[in-house]
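Peer 1: Sharing a structure with you now.
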Amino acid sequence: MPLIIRPERLEDYYQTEHMTQKAFWNLYNPGCNEHLLVHKLRSDPVYVPELSRVAELDGKIVGTIMYSRAKVVDGDISHEVLIFGPLCVEPALQKTGIGGALMQATFQLAREAGYKGIIIFGEPGYYPRFGFAPCERFGITTADGKNFDAFMALELVPGALNGVHGKFHEAEVFENLPDEETDEFNKQFPHMEKLRLPGQWGYEENIGSV
């Protein structure tokens, strides 16, 4: 069966959350909280369901991309932009083009809706192939005034971010993911062991404390 890119439906929620958990589990830290973010985003006012999509293959949810509104603030001036995340794919199907298909389909939706650009925190070895460039090229920094390779922006139309300068602010829901709430949420899904693995953030610093 062909890959289907479509809006998420209520009956998809559990599958989407479980797939997200599997995609991120032990990737950056022991365990993950991205599946809780998926759950909480849906009821947050910044969520943009008309742009967000899931990927379906053989009747199963195998990928998702979720959009929300964010802003770039320069003094008294605020520019609305988009951020997507989580963007993820079922582990067994990663590197098969599903993530790219989700992006390309939704980028077009965002253009048609009149959005200027998308800002993300993502893998700098992956996203530039889809048109993302470092935010410092546009005069955009993080909320605390920093720039780094993983902080990237995409102009949905050439020149759309001209004049959009300042500090990037995403919604509080991205920060409101406490460990206790995540652990409780995990009880809804099959048990997965949290592991400290090479390549995770802070692995070298924490290897002796695990």
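Peer 1: Sticking with the crude label model, points 7 Å out along Cα→Cβ, report the distance from His169 to Asp44 in nm, one decimal please.
Peer 2: 1.4 nm
Peer 1: Also, I was wondering about something else. Given the C-alpha centroids of segment 29-83 and segment 123-182, what is the distance between them in whole angstrom?
Peer 2: Going from one Cα centre to the other spans 13 Å.
Peer 1: Between rounded, prolate and oblate, where does segment 43-102 land on the alpha carbon gyration tensor, with a ≥ b ≥ c its root eigenvalues, rounded for a/c under 1.5, else prolate if a/b exceeds b/c?
Peer 2: prolate
Peer 1: Indicate the gyration tensor shape class of the chain (rounded, prolate or oblate), computed on the Cα atoms with a ≥ b ≥ c the square roots of the eigenvalues: a/c under 1.5 is rounded; otherwise a/b larger than b/c is prolate and the rest oblate. Can you show the working numbers first?
Peer 2: On the way: a/c = 1.66, a/b = 1.23, b/c = 1.35.
Taking the square roots of the gyration eigenvalues as a ≥ b ≥ c, the chain is oblate.
Peer 1: For segment 1-109, which chymotrypsin sites (Phe, Trp or Tyr not before Pro) pass both filters: DSSP loop (anything but H, G, I, E, B) and at most 16 other C-beta atoms within 10 Å?
Peer 2: Here the sparse-neighbourhood loop sites are Tyr28.
Peer 1: Along segment 9-23, what does the Karplus equation 6.51 cos²θ - 1.76 cosθ + 1.60 (θ = phi - 60°) give for ³J(HN,Hα), rounded to whole Hz, x for Gly and Pro?
Peer 2: Per residue, the Karplus-derived 3J(HN,Hα) values read 10, 3, 6, 8, 3, 5, 4, 5, 5, 5, 4, 5, 4, 5, 5 Hz.
Peer 1: Using the 10 angstrom Cβ neighbour count as an exposure proxy, how do Asp44, Asp76 rank, fewest first?
Peer 2: By the 10 Å Cβ count, ascending: Asp76, Asp44.
Peer 1: Starting at the first residue of segment 64-75, write each ³J(HN,Hα) from the Karplus equation 6.51 cos²θ - 1.76 cosθ + 1.60 with θ = phi - 60°, in whole Hz, x for Gly and Pro.
Peer 2: Working through the residues one at a time gives 8, 9, 10, 10, 9, 7, 9, 8, 10, 10, 10, x Hz.
Peer 1: So what is the relative contact order for segment 4-171, in percent, with contacts set as C-alpha pairs under 8 Å and at least six apart?
Peer 2: 21 percent
Peer 1: Ranked by Cβ crowding within 10 angstrom, fewest neighbours first, how are His39, His169 ordered?
Peer 2: His169, His39
Peer 1: In percent, what relative contact order does segment 4-64 have, based on Cα pairs under 8 Å that are 6 or more apart in sequence? Before the final figure, lay out each step's value.
Peer 2: Working: 64 pairs, mean separation 28.8, N = 61.
The normalised contact order for segment 4-64 reaches 47 percent.
Peer 1: Sort Glu90, Glu136 so the one with the fewest other Cβ atoms within 10 Å of its own Cβ comes first.
Peer 2: Glu136, Glu90
Peer 1: With charges set only on the Cβ (+1 for Lys and Arg, -1 for Asp and Glu), what does the dipole of the chain come to about its Cα centre, in debye to the nearest 20?
Peer 2: 640 debye
Peer 1: Also: Once you sort the root eigenvalues of the Cα gyration tensor of segment 114-210 as a ≥ b ≥ c, which label holds: rounded (a/c under 1.5), prolate (a/b larger than b/c) or oblate (the other case)?
Peer 2: On the way: a/c = 2.32, a/b = 1.90, b/c = 1.22.
Here segment 114-210 falls in the prolate category.
Quick note: the coordinates plus some simple rules give every number you see, no bench work behind them. For clarity, every value in this text was computed on a predicted model and none was experimentally measured. No Cβ is skipped: glycine too gets one built from the backbone with ideal geometry, and neighbour counts run over all protein chains shown.
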